Every structure is written in C-alpha cells, then in structure tokens.
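The values are calculated or read from the model by the stated rules, or taken from the named source; none is laboratory data. Please read all numbers here as calculations on a predicted model, not as lab measurements. Quick reminder, even Gly has a Cβ in these numbers, built from the backbone with ideal geometry, and neighbours come from all protein chains shown. What goes into the accessible areas is simple: the full protein's heavy atoms, side chains included, and nothing from ligands, DNA or RNA. Shrake-Rupley method; radii C 1.70, N 1.55, O 1.52, S 1.80 Å.
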Amino acid sequence: MKKLTLIITFAIISASMFSQARKPEIMVVPSDVWCNSKGYIQTYDNQGLVEQIPDYKKAVKTDKELSNMIGKISNMMADRGFPLVDLSATISSIERRQAEDELITSKQGAAIAESPLDQLRRTAKADIILSLDWTVNENGPKRSVTYNLQGLDAYTNKVIAGVQGTGNPSLTAETAVLLEEAVVSNMDNFTSRLQDYFDDLFANGREVVVTVRVFDNSAGIDLDSEYDGYLLSEIIDEWMADNTVNSRFGKSDATENYINYHQVRIPLYNEKGRSMDTEMFVRNLARYLRQAPYNIPSKVMMRGLGEAILILGDK
C-alpha cells in the first residue's frame, strides 16, 4: 500500500511539474489601431506591392508611455506564471541580424522575402501575441483608461481570448496604474482562457499551412512521379499522416506541380522536447525526400511563422 501511494504521489507531482513547464510564451505588442493613431507605421515593398505595418521599433524607442503600459501587462502576466518575450529585446536582436540577412541570397541571386512583421514573429517565436490598445479619457481633473486586450495565436492570427473595459476615474494615478486597475479584475479569467487554448494546442497540435511546389527545372520530377508504384503526392500524404498530431491535416488544390495542405496540426515539441515550428516540420519532410529511393533536392521558404513552402527539384 505504501508503495502504491508513493507511485501515485510521484505521478501527481510529475504531472504537475510537466504542466507548469508547458506554459505558453507570450509577447505584448501595441495594437494596429494604436500604432495607426500615433503614426507609428512603416511601409515595405512586398514583391512590388507597397504595404503598411506597425513600426514597433519606432514606437518602443520613442513612446515612454507604451513602454510603461507593456511593462505593466508583462508584470501582471509574469505574476500569473506566464513567461514573457520582450518586444524591445526582440527588436534589438533583429537589428543585430539584419545586416547579415541583407547579404544572404539564393543561388539564383534572389533575396530573402520576409516582411518586417514576419521577421519579428519568427525571431520572437512566441506562442501567443497580446495586442494592447488603450485610450486615456479625461473628465475635468479626473482620468480613466479604456482598454482592449486581445490574445492572438502567433501562427494563425486567430483571436483566442479578449477583454475590454474602462477603469474607474482617478485624480492622481499614472496611466499605467490606471490600466492595471482596469484590467486586474479580468486577468485571471483571461489567462485561464489563454492556458486552455495552449493546452488544446499541446493535445491536438499547432495549426499551420504547408505548400509543396515543383521547380520548373526539376529534371522531370513532379508530384505524379512514381516510386515503387506510388505517386510522389501519395508518399507525401503518407508522411504527413505519420507526422501530424492524430493525422490531422486538410488538402486542397492538388496538381502535378502543386499541393496545398491546410489546418496542418504539427506537434508543439519534437521527440527531444524542443519547440517545433513550421520550418522545422517542413525541413523534416525535406530530409525524408532527400533520402533513397527519392533523392529529391529541395528548398524551404517561409511565409511568416505559420506557413512554409517546400519547392522540389532544386536548392
């Protein structure tokens, strides 16, 4: 009986420690609406199309109130056991790499295609993005804060939790303190929903998109090529079934040169317990196809954090 009790106790402790070790990593950023209202916007050339995105670098380096607000939310999350990825530190890391990345080209001379926002999320590798928007209301000498806090899946941009409200007016409190007072009563429920979503990802896999294409100069290789009586597309389907969580993925628009896999559920962690992302998942497929009897060279390209393209037939 003592032995059984010991085993059960150890199992409970182990499960508790494991659960605590699997908290989602979170990064707090100002919302698009807030950045637009403050003029923190940058443009970039997306293959000939000029797009606008939030300029987080300018915002964190020039807006002291933003730093205070992000710091307040970060502290509240940390108090509840959620690890935070710092926005300012992530931007600094990107700046250190940027000079090197600008020198990287493909064998054909093509530069890396990645938006600044994609670059931020890839570097941070947070599971969840907290988008924060707030407005300071003034009524005579009293001030209050109206806020909107949304939790987004960093890979799909799906809203997974949200809370809004207006705090009580105050004569003396700083803006960050007003935010804390307004948010605090809702934080436990908010973080609980974030954790529930992360637990679902752990059980059912992270949702990503995987596209398989074929180079024009692929030496006769296409997705209808046969190996031991099976089409290459069937072989890739089988690999996807073996390596996704519970074989969960969708497939659309399949031709001899193109396959689109959507709602692909990849594990959060690999067999070594390391975080699995879309790039790692697709590179595993690339390694599989480089082996005999396929011997197919390939190139992996990323579109943001949640989509990878595997191009077969060349590097």
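General observations
- With all protein chains kept in place, the per residue accessible area of the chain amounts to 54 square angstrom at a probe of 1.4 angstrom.
- Whole-percent carbon and sulfur share, accessible surface of the chain, 1.4 Å: 48
- For residue 137, residues with placed amide H under 5 Å, excluding near neighbours: 144, 145, 146
- Pairwise label distance in nanometres, residue 251 with residue 146, each label 7 Å out on the Cα-Cβ vector: 5.1
- Helix 64-79 and the longest principal axis of the C-alpha atoms of the chain enclose an angle of approximately 80°.
- Sites residue 181 and residue 242 - FRET efficiency at Förster radius 35 Å, r taken between beta-carbons, to 0.05: 0.10
- Neighbourhood net charge (12 Å Cβ-Cβ; Lys/Arg +1, Asp/Glu -1) for residue 63: +3
- With R₀ set to 22 Å, the beta-carbon distance separating residue 62 from residue 138 gives a calculated FRET efficiency near 0.45.
- Helical mean residue ellipticity (222 nm; -39500 (n - 2.57) per DSSP H run of 4+; nearest 500) of the chain: -13500 deg cm²/dmol
- Candidates 79, 242, 253, ranked by Gaussian network fluctuation over the chain, Cα under 10 Å, top entry: 253
- Label-point separation, residue 41 to residue 224 (7 Å along Cα→Cβ), nm: 4.8
- Look at the alpha carbon pairs under 8 Å that are at least 6 residues apart: their mean separation over the length of the chain gives a relative contact order of 15 percent.
- Nonlocal amide H pairs with residue 307, under 5 Å, H built at 1.01 Å: 209
- Cα-based helix-to-principal-axis angle, 175-204 vs the chain, degrees rounded to 10: 30
- Among the protein heavy atoms, those of residue 61 account for about 130 Å² of accessible surface (1.4 Å probe, every chain in place).
- Springs join every pair of Cα atoms under 10 Å in this Gaussian network model of the chain, and among 123, 255, 146 the largest mean-square fluctuation is at 255.
- Calculated FRET efficiency, residue 291 to residue 271, Cβ-Cβ distance, R0 = 25 Å: about 0.85 to the nearest 0.05.
- Among 213, 97, 290, the residue with the largest mean-square fluctuation in a Gaussian network model of the chain, with springs joining Cα atoms closer than 10 Å, is 97.
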